[in-house]
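Report on the structure given below.
The values are calculated or read from the model by the stated rules, or taken from the named source; none is laboratory data. Computed from a predicted model, the values in this text were never measured in an experiment. Here the Cβ is made from the backbone with ideal geometry for all residues, glycine too, and neighbour counts use every protein chain on show. For the accessible areas, the whole protein counts, side chains as well, though only heavy atoms, and no ligand, DNA or RNA atoms are used. Shrake-Rupley method; radii C 1.70, N 1.55, O 1.52, S 1.80 Å.
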Amino acid sequence: MPRLAVVIGGRERADVLGVSPRSILTVAMNVMAQDERNQLVRRRMLDLHDVRVGTVPHDSPWLRSVRLNYTQDGRHKEWDVIRIHDSVSIVVFNTTRRKLVFVRQFRPAVYYAVLPKNRYDTVDLERYPATLGLSLELCAGIVDKPKPLVEIARDELKEECGYEAPASAFRQISTYVSSASASAQQTLFYVEVTDDMQVHPGGGDESEGELIEIVELSIPETRDYIKSKEVRSPASFLFGISWFLLNKPEHCS
């Protein structure tokens, strides 16, 4: 695998095997540009005001609640269930940079988890800052179109991370229940991308109000993150990374 050189003061301080100085400069400029975009997105994500907790309307397009009544082992039982959209998620590995590509977003559900329970009023943002709602995740999206799952995965990869990959580049890994308390399925995909496949900076659909940071982590950085005492990520993230570490040893050495 070619190794990129670090250029300081106009002189290469490490050898380059098959990589031109122009390529090195392009990668460095892309990284700097991404950092600048992430800083701008972070400021906008944390610009949070007037947070209030209320009840969910019955006509919510995002979830439905029902009560299941059933008899099990001769005993009548009830269970309240939330129905949410099925979804896809993608483990993205950039082979040019040898880094995994993730997204970071402000998630109201993550934020709500740290708030006092059973309170329906305005939130004290000094005590509960917006940073408490940030979540590091796999590139993902809900299944809300009559399209094959791999095409939805392609759309999300392009929209959130800026990479355009053919359907043939995606490997479908597994379909599993997204939660034991919510009725939905999530399908995990894996795709390898290169810098040449990046067609725009990513960051989500601003017309829908999405604010997404692009986060690239090396394999050692990813291992350190999932070993930390508090992982600010959903279970699907941990499953996807565990699959990658177990099944892609050629990228983990």
(request) For segment 156-168, just list the computed ³J(HN,Hα) in residue order, Karplus coefficients 6.51, -1.76 and 1.60, θ = phi - 60°, integers in Hz, with x standing in for Gly and Pro. (result) 5, 4, 5, 5, 8, 10, x, 9, 10, 10, x, 4, 5
(message) If you restrict to DSSP beta bridges whose two residues both lie in the chain, what percentage is antiparallel, to the nearest 5?
(response) 80
(request) Kindly state, to the nearest 0.05, the FRET efficiency for His200 paired with Asn69, given R0 = 51 Å and r defined as their beta-carbon distance. (result) 0.55
(message) For segment 177-253, take every pair of Cα atoms, bin their distances at 10 Å starting from 0, and report each bin as a whole percent.
(response) 13, 37, 41, 10, 0
(message) So for segment 159-253, averaging the separation of alpha carbon pairs under 8 Å that are six or more residues apart and normalising by length, what relative contact order in percent results?
(response) 26
(message) Before I look further, what does segment 58-100 give for accessible area per residue, probe 1.4 Å, in whole square angstrom?
(response) 72
(message) Using a probe radius of 1.4 Å on heavy atoms only, what accessible surface per residue do you get for segment 112-180? Whole Å² is fine.
(response) 55
(message) Skipping prolines and chain starts, which residues have an amide H placed within reach, meaning under 5 Å, of the one on Ser87, given they are 5 or more residues away or on another chain?
(response) Val143, Gln185, Gln186, Thr187
(message) Among Trp243, Trp79, Trp62, which one shows the highest mean-square fluctuation when the chain is modelled as a Gaussian network with alpha-carbon springs under 10 Å?
(response) Trp79
(request) Counting residues in the chain as N, plug N into 2.2 N^0.38 Å and put the Cα Rg over that result. (result) 1.17
(request) List every residue whose amide H lies under 5 Å from the amide H of Phe102, counting only residues 5 or more places away in sequence or on a different chain, with H placed 1.01 Å from N in the peptide plane. (result) Val215, Glu216, Leu217
(request) Mind ranking Cys252, Cys161 by accessible surface for me, highest first, 1.4 Å probe? (result) Cys252, Cys161
(request) Send over the semi-axes of segment 116-253's equivalent ellipsoid, whole angstrom and largest first, taken as the square roots of 5 times the C-alpha gyration tensor eigenvalues. (result) 27, 20, 18
(message) Pick from Pro108, Pro234, Pro146 the residue whose mean-square fluctuation is largest in a GNM of the chain, springs joining Cα atoms under 10 Å.
(response) Pro146
(message) Once neighbouring chains are kept in place and the probe is 1.4 Å, which whole percent of the accessible area of the chain is contributed by carbon and sulfur?
(response) 53
